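The values are calculated or read from the model by the stated rules, or taken from the named source; none is laboratory data. What you are looking at is a predicted structure, and each value in this text was computed from that prediction instead of being measured. All Cβ positions, even for glycine, are placed from backbone atoms using ideal geometry, and neighbour counts span all protein chains on display. Just the protein is used for accessible areas: all its heavy atoms, side chains included, with ligands, DNA and RNA removed. Shrake-Rupley method; radii C 1.70, N 1.55, O 1.52, S 1.80 Å.
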Amino acid sequence: MTKLRPSQLVSWLGTLFFIFGEVRGLGDAVYAVNCGGEAHTDMFGIKYEKDDTRVGVSSDYGKQLMIGRVPQQDQILYQTERYHSSTFGYDMPTQGDGEYLLVLKMSEVYFTAPNMKVFDVVLNGDLTVVSDLDVYEKVGRGVAHDEYIEFSIEGNRILYDGEESEISAGQIRVEFIKSYRDNPKINSIVLIKGTLEDWPTLPPLPIEQEEDEVTDEVEESQSARRKPSGPRVADPYAEEESSSLLPIFIAVGAFIPLVFFLCKL
């Protein structure tokens, strides 16, 4: 019988939590799009539109990977993406005043180190809602990561973190800002009328041992298995010291009879 590693067990339990965990209502899905991909209905019944945007590049490079933290049925939401060599975005409709939650779904499927792809996210041209986002630094490669942005709409204005922005023609825009560290990207977008409490968040990341702790355990294990060579001695330097003094004892032993003989002359 194959035994699961602790990290595998936590990941497996996390997936079960994601599938069977308590969901207190998903709120009303106002907008959802599978960026760079085809239409998809997720396990909660959210219908993602096909991405017909012509700006930037659509990619399904992530299909080479199994994406962590999400069930297989919905991995496509993190495997396809849209990126661009400059700032780009999506226009989203609204449904009147109230509380809103914007969910940005992402995974790093290309880079294998942090600080390779870093960008900001701006809402409605005025509100920076995510700064210096580095997906790899947060979760690593091939692992799902969601950004949750809660805001409200009152009287044709977006209210976010003490700031506000005017809404034009009943639509708001989310933009991914080009920086000097590669191109901005997005895998999927969901806008619901509700709060974070109304949304099934991703399960926690698997708990991995710190590298130093693992190294210490390996060294202790190797030390316990190592068998000493040679006879056991109380002081490991005792034999070395006695062997180094032997020539002196021999010289003194030879010198004493010589002195006695000279004294007799």
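Using a Förster radius of 35 Å, what is the FRET efficiency between Ser86 and Lys138 based on their Cβ-Cβ separation? Nearest 0.05, please. Here the calculated transfer efficiency is 0.90. Annotation: Lys178 carries an accessible surface of approximately 80 Å², with a 1.4 Å probe and no ligand, DNA or RNA atoms counted. Using a probe of 1.4 angstrom and keeping all protein chains present, the accessible surface of region 43-185 works out to 47 square angstrom per residue.
A probe of 1.4 angstrom, applied to the heavy atoms of all protein chains, finds Glu150 with accessible area near 90 square angstrom.
Rolling a 1.4 Å probe over the protein chains gives Ser168 an accessible area of about 90 Å². What residues of region 141-157 lie in the reach of a label at Ser131, counting those whose backbone N is under 17 Å from a point 7 Å from the Cα along Cα→Cβ? Counting backbone N atoms under 17 Å from the label point, the list is 148-150. Reported to the nearest whole Å, the Cα centre-to-centre distance from region 142-185 to region 25-68 is 18.
Put Met106, Met66 in order of accessible area, highest first, and with a 1.4 Å probe you get Met66, Met106.
What percentage of the solvent-accessible surface of region 77-153, computed with a 1.4 Å probe over protein heavy atoms, is contributed by carbon and sulfur atoms?
Solvent-exposed carbon and sulfur of region 77-153 make up 40 percent of the total.
Taking all Cα pairs closer than 8 Å and separated by 6 or more residues, the relative contact order of region 105-166 comes to 33 percent. Pairs over the 19 Å Cα-Cα cut-off, from the set Lys50/Lys178; Lys47/Lys138; Lys63/Lys185; Lys63/Lys138; Lys63/Lys193: Lys50/Lys178; Lys47/Lys138; Lys63/Lys138; Lys63/Lys193. Ranked by the mean number of other Cβ atoms within 10 Å per residue, highest first, peptides 43-55, 192-204 order as 192-204, 43-55.
Treating r as the C-beta distance of Asp60 and Asp161 and R0 as 41 Å, the FRET efficiency rounds to 0.75.
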